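Trainee: My structure is below; once you've seen it, I'll send some questions.
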Amino acid sequence: MTPYELRARFMDFMGQCTNRIITVGAEQYSDGDTQKFESMPLLGLVQYAREEAQDLAVYAAMLDIRLSRLEALLRKHPIN
């Protein structure tokens, strides 16, 4: 993969991320012409952000579990 191909993949990924802002993100966080985080009390925002960071860690652990299973399978049955 060239750097340009990697950039294209990254841009596709970011496009999917930004699309979430106007789909599920809008459903959950939009208050019309503002976003809920803009008016949320600061302590609430801190708690929300901490919970999101904790979710990221959980998702990373879940991904690591699946990757370790995939790695074990590939060691038994290489497909290079």
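Trainee: It is to be established whether one or more residues within the range 38-47 are hydroxyl-bearing (Ser, Thr, Tyr), out of contact with any Pro (no Cβ under 7 Å at 6 or more places or on another chain), part of a helix (DSSP H, G or I) and surrounded by 10 or more Cβ atoms within 10 Å (Cβ to Cβ).
Mentor: Within the range 38-47, one or more residues are hydroxyl-bearing (Ser, Thr, Tyr), out of contact with any Pro (no Cβ under 7 Å at 6 or more places or on another chain), part of a helix (DSSP H, G or I) and surrounded by 10 or more Cβ atoms within 10 Å (Cβ to Cβ).
Trainee: Condition check: of a type in the set (Gly, Ala, Ser), open to solvent by 60 Å² or more (accessible area, probe 1.4 Å) and on the phi < 0 side of the Ramachandran plot. Does Ser30 satisfy that?
Mentor: On the way: of a type in the set (Gly, Ala, Ser): yes; open to solvent by 60 Å² or more (accessible area, probe 1.4 Å): no; on the phi < 0 side of the Ramachandran plot: yes.
Here the answer is no, as Ser30 does not meet what is asked.
Trainee: Could you go through the range 56-69 and let me know if any residue there is open to solvent by 80 Å² or more (accessible area, probe 1.4 Å) and over 18 Å from the mean Cα position of the chain (by Cα).
Mentor: yes
Trainee: State whether one or more residues within the range 53-64 are assigned to a loop (DSSP other than H, G, I, E, B) and modelled with pLDDT of 95 or more.
Mentor: no
The values are calculated or read from the model by the stated rules, or taken from the named source; none is laboratory data. All figures in this text were calculated on a predicted structure; none of them were measured in a lab. Don't worry about glycine lacking a Cβ; one is built from the backbone with ideal geometry, like all the others, and counts go over all protein chains shown. With ligands, DNA and RNA removed, areas are computed over all heavy atoms of the protein, side chains included. Shrake-Rupley method; radii C 1.70, N 1.55, O 1.52, S 1.80 Å.
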